[in-house]
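What follows draws every value from the coordinates through simple rules; no lab data is involved. Keep in mind that this is a model prediction, so the values were computed, not measured. Cβ sites come from the backbone with ideal geometry, for glycine too, and all protein chains shown count toward neighbours.
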Amino acid sequence: MEKRVKRTRIKMCGTTCIEDAQAAVHAGVDALGFIFVPKSPRNVSSQQAADIIAGLPPFISRVGVFVNNSLAEIQRIVDQCGLNHVQLHGDEPAQLCVDLKTWNKSCSICKAFRIGEGSPPLKLNDYSQVIDSILFDTYVKDIEGGTGKCFNWELINSLQREKPIILAGGLNPDNIVAALKKVAPYAIDINSGIEKAPGIKDHTKLHKLVLQVRAVDAGFA
């Protein structure tokens, strides 16, 4: 029987314009992330995100990234933009995940946990029954994401893996091969490592990184 090739899913986060979205689709990215966090340099309004999403082809996942938003606000943005994934990147309680699933069973929920020196204890068990995937990002005090820094990937090995793992935190063309070989995640979340400036993607870096991921998947790297 022919060996099945693993396919690591790729999400490009911090999408702020249609040009970057189209470049990501052309490169073969699976999902686009839209950050609805006012203090983020990659923040977009729900209308901006909706306009970009309207120009996407079929079968591209649309992810909303939220930090401690209310249930009502998340519901409004999901509906307005046509999102099919919600990524919670703050201190959201497990009950919020339950409420979101009750409201929309088809909307996938990802809970982000930040790892690193000084990070608070991870409460993975609190969420294991109410989310669809876990994202691991780098802990930097008072910064929820987009730090451009990696954490020690070895730390993941000691954690329970009941849900598909998404790896984030400073991934770029220089370290992506090592990251995939060390963690073997279900998906990766790329952002600052493929940018010219916050919110402005470098299409050359994007294409290079995607090709490297596919080479690892196929066993050529």
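Structure above, values below:
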read-out: Members of the stretch 171-188 found to be buried (at least 19 other Cβ atoms within 10 Å of the Cβ) and small (G, A, S), listed by number; value: A179, A187
read-out: Counted residues, the stretch 2-21 - those being in a loop (DSSP other than H, G, I, E, B) and either in contact with a Cys (Cβ under 9 Å, 6 or more places away or on another chain) or over 25 Å from P164 (Cβ atoms) (or both); value: 2
read-out: Residues satisfying the stated conditions in the stretch 174-221, i.e. assigned to a loop (DSSP other than H, G, I, E, B) and under 13 Å from I10 (Cβ atoms); value: P185, Y186, N191
read-out: Residue within the stretch 35-56 that is closer than 17 Å to A168 by Cα and among the acidic types (D, E) present; value: no
read-out: Given (1) within 17 Å of the chain's Cα centre (by Cα); (2) among the acidic types (D, E); (3) more than 24 Å from V25 (Cβ to Cβ), number of the condition D132 does not satisfy; value: (3)
